[in-house]
Each structure stands twice: as C-alpha cells, then as structure tokens.
1. Just to verify a number: FRET efficiency for LEU166 and ASP226, C-beta to C-beta distance, R0 = 35 Å, to 0.05?
2. Students often get this wrong: which residues of region 69-103 have the backbone nitrogen under 18 Å from the point 7 angstrom along Cα-to-C-beta of GLU201?
3. When only Cα pairs under 8 Å and 6 or more residues apart are kept, what is the percent relative contact order across region 138-235?
4. Starting from 0.36 nm per residue, how many nanometres of slack lie between LEU211 and ARG84 once their C-alpha separation is accounted for?
5. In nm, what is the difference between 0.36 nm times the number of residues separating SER52 and VAL341 and their Cα-Cα distance?
6. Which parts of region 159-191 would a label at GLU219 reach, counting a residue when its backbone N lies under 14 Å from a point 7 Å out along Cα-to-Cβ?
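None of the figures in this text is laboratory data; all of them are computed from the coordinates on show. Nothing here was measured: the structure is a model prediction, and the numbers come from that model. Heads up, the Cβs are rebuilt from the backbone with ideal geometry, glycines too, and the neighbour counts pull from every protein chain shown.
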Amino acid sequence: MTDFSALSGGPASHRLRRAIEALDTGLALVDARGHWLEFNAAVPRLLGQCASSLEASPANEHVAVHDRAAFDGALAACRDRGARADLTCTWQCADTARSMRTRIAPADGDDGVVLIQLDAIADVTDTDRARTLQLFADKVSHDLRAPLRSIESFSTLLARRAAERLDDTDRDHLARIRAAAGRMAGLLDALGEYARALQAELRCAEVDLSLLAEWVGAELREAEPDRDAALHVQPGLVVHGDERLLKSMLAQVLRNAWTFSRDRDTVHIEFDGERNHDRLYVRVRDRGCGFDMQYAHKLFEPFQRLHGSEQGGGHGLGLAIAQCIAQRHGGSIRGTSQPGVGSEFTLELPAVPDTDKER
C-alpha cells in the first residue's frame, strides 16, 4: 500500500520510500471515486486507524460531517480541473476529532488520481483540551464538593433545629442557599460528563436507540412521577456507536424536551426517525415553550442559556454534551423551534451496515 512511485514520476528509490515512511506528514493517493490507493505510515497514525480499516473505506468517511462538503468539492475540482486546495478539515479519528491542514493536489501522470497531504495543526488538539478539561473538572469537583456538602448539611440542620424560630423570610433564605448549592453540584456533575464525552474511548457496536430512549423516558418519569407524560418512541431505530455515550446524548436531548415542557399539562415527546443510505436521522419533537431561532447559534455552545432559571434553564452544558457525542460518532445535531409551539432536534448518526446489501 505504500509504493509512492507516482510521487516522483517513476519508480521511487528505496531511500525515497524510507524517507516518505518516516515523515510525520501524512501522504496519500486516492482514486477518482475518493477511495484510498496508497498512503504512508503517518496517515493511519494521524487518524488513529489500522491500515486495513482505512483501505476498506473512502477517504471522506473520516472527515467530520460539517467539513465533508468542502472536502468532497475540493477533491472533485482537483480531479476534474487539476485545481489545488489548502483546507483545514476536522478528521474523525478513532477516539477523538482532530483538525488537520489538508492539502489536495493532482498526482502527475495518473488520470483522476489525487494526492492528499495531512498535517496535524500545531495548536492544542481536541484530545489535549479534553484532558485539560477533565483535570480541571476533577480538581474543581474535589475542591468544591466538601464545602458544598457542608453548606447543604448545615442548612438542613439549621432548618430542622431552628424551625420554630424562623419566619417565612428566614426559611426562604435557607431554601435559596440549598437550591444554589444543588445547582453548583449539578454544574460539577455536568462538567465531568462533558469532559468524559470529549475523551472517553469509543467502543462501537450495534445500538438500539429506541430502547435507550425508552430507558431515558422511564428515568425521567421516575424522577418526576407526578407529571403527566406521553412519550412515543418508534421501535427499531438502530445505529453503530458507543452505547454508553449514546445514552448520555439521548438523556440530554430528551431531558431538554421534558424540562421545557414544564408549563404544559402533559409532556408530549415524539421520538422517530428514518434511514437514508448509511445514515440514520432521528427526530425528537416536543410541545414545550420553544425558543427564538435568532439565538439558535448559541444552542450547542457550553454555558449558553436561551431560557432563564424560572423557565427551567440549567447549567447550559446539556446540548453541548449531546453535540460533542454526535460529532464523535461522525454525526451531527441541529435544532429548530417556534416559541410557544415546541422544538424539534434532529440527530444524524451512522446507521448499522446493511448486511443484505453486502451479501
């Protein structure tokens, strides 16, 4: 797979082949359909994949969904017109996403064959950011858990022992203190979950999203048994991914729909989807308070809230966690809404391979 004679316009010398293999820069040739032809050792190393798994897949499958159109367009322009391109693309690696400078150029003497050069961006990688965030979350959690427990414990003790001496204003102050401590504890939990979503090892297999949605729905009902809820889940929605992370993703999206339906007599949530080629599109619809689409760009940014605490707004990390997990699976999430009517979130995820077609 690594005979780069095309790079030199003729048979490459043994010394040149050894030099190419020793490069930290990834060099690869793809054919007119975008399938790998040849690559040096740096390509599977940069992508965190074994060489055999790369050979079985087209190059664009490893490009993040939001950059795939630009990548495919550059490949087509190079193949059809000999146009060169210099892009920064996010490549979906084995356990993370990595931004890489991606140069695309025609390979001399080979009709339709394109040369791709990959260089990892020298900035802090997503993995480094995740590890830093994990260390930060662990440190903050360790340092703040103890005083938070003290605040909660002594507030509860004071409320119990001094109940007869407290007036309504005093009891309100104590309730506010305990609620604030609870919100801080929730934020620490969310920070840890966000860090895990960024760097947890992906253990992919066939996952029944419908069963996970039912599971999450049962947990929501158990937490608030007095709420009247109707959760309709389409059975048989199956994807290829990490079950633990996908459950966390669904928990964030479904909890979001549940929370922002608090003003309704009944919580209505619909969970359905359809397969389109090798992708599964799942929709989560609610009839909650909705949001103004002019602020939709803030939906998946950490700590951004489109609603106040009186409307159920939380720590602002839930949808950021969901997006992170979707992107790590090579997918995406987007949301639309109409205030007072409800919201709809669409998840795009890799479908389980169609074995019937393969046979």
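1. That pair, LEU166 with ASP226, gives E of 0.80.
2. Counting backbone N atoms under 18 Å from the label point, the list is 93-97.
3. Values: 26 pairs, mean separation 26.4, N = 98.
27 percent.
4. Working: separation 127, 0.36 × 127 = 45.72 nm, distance 4.69 nm.
Gain on extension, LEU211 to ARG84, equals 41.0 nm.
5. Values: separation 289, 0.36 × 289 = 104.04 nm, distance 4.96 nm.
Gain on stretching SER52 to VAL341: 99.1 nm.
6. Residues 189-190 qualify, since their backbone N sits under 14 Å from the label point.
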